[in-house]
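*Asks:* Before anything else, here's the structure in question.
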Amino acid sequence: MDDYQESSSRGPARSGPRDSLFLLTSLSSVEGTPLGRARVRNLSATGLMADCERAVPSGVRVSFALRGVGQVEGVVVWSREDRIGIAFDERIDPQLARRPVSAGDSRPSLPDYLRQHRLVR
């Protein structure tokens, strides 16, 4: 079976390529009710799959922020225990979520744990 066929163990057929990654976000209903944290596992232009800290039923309209992309809205199209699939209301560029977070300048920066910190007295 290929990735584009529907399966009873997975959600509806997928329509585009997906990137595997791990991003954390907080889900809420579009009305603002918190639904818990989620770990994004797969991301495409039209949707995502995520592990959630608690079950979110299918049919729920959700809102969340994705690093590099911004605020996204969609609907939970399938839900199995703590894993969900969300179809976005509008297409996104999933590569934006993969871009490194910058400190605002073009120089490469060291992670905090590698920097030498001076004590101020």
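*Asks:* Please verify whether A50 is closer than 13 Å to L27 by Cα and modelled with pLDDT under 95, treating the condition exactly as stated.
*Replies:* no
*Asks:* What number of residues within segment 53-80 satisfy the criterion of being within 11 Å of L27 (Cβ to Cβ) and polar (S, T, N, Q)?
*Replies:* Within segment 53-80, residues that are within 11 Å of L27 (Cβ to Cβ) and polar (S, T, N, Q) number 1.
*Asks:* So in segment 81-106, with the set limited to residues that are in a loop (DSSP other than H, G, I, E, B) and of a type in the set (S, T, N, Q), which one is farthest from L23 (Cα to Cα)?
*Replies:* Per the stated criteria, the residue is S106.
*Asks:* What is the one condition in (1) in contact with a strand residue (DSSP E or B) (Cβ under 6 Å, 6 or more places away or on another chain); (2) modelled with pLDDT under 95; (3) closer than 14 Å to G85 by Cα; (4) not basic (K, R) that S7 does not satisfy?
*Replies:* Unmet condition: (1).
*Asks:* Within segment 10-24, restricting attention to residues that are surrounded by 16 or more Cβ atoms within 10 Å (Cβ to Cβ) and touching a strand residue (DSSP E or B) at 6+ places or on another chain (Cβ under 7 Å), which residue is modelled with the lowest pLDDT?
*Replies:* G11
*Asks:* Another one. Scan segment 50-65 residue by residue and report those that are farther than 18 Å from T33 by Cα and surrounded by fewer than 21 Cβ atoms within 10 Å (Cβ to Cβ).
*Replies:* Selection gives D51 alone.
*Asks:* If you don't mind, there's one more thing I want to ask. Among the residues of segment 45-80, which ones are in contact with a strand residue (DSSP E or B) (Cβ under 7 Å, 6 or more places away or on another chain) and not in a strand (DSSP E or B)?
*Replies:* T46, E53, R54, A55, V56, P57, S58, G59, V60, R67
*Asks:* Separate question: Filter segment 66-88 down to residues that are surrounded by 14 or more Cβ atoms within 10 Å (Cβ to Cβ) and free of Cβ contacts under 8 Å to residues at least 24 places away in the same chain and give me whichever is nearest to the chain's Cα centre (by Cα).
*Replies:* The extreme case among them is V72.
The values are calculated or read from the model by the stated rules, or taken from the named source; none is laboratory data. Computed from a predicted model, the values in this text were never measured in an experiment. FYI the Cβ positions are ideal-geometry reconstructions off the backbone, even for glycines, and counts take in every protein chain you see.
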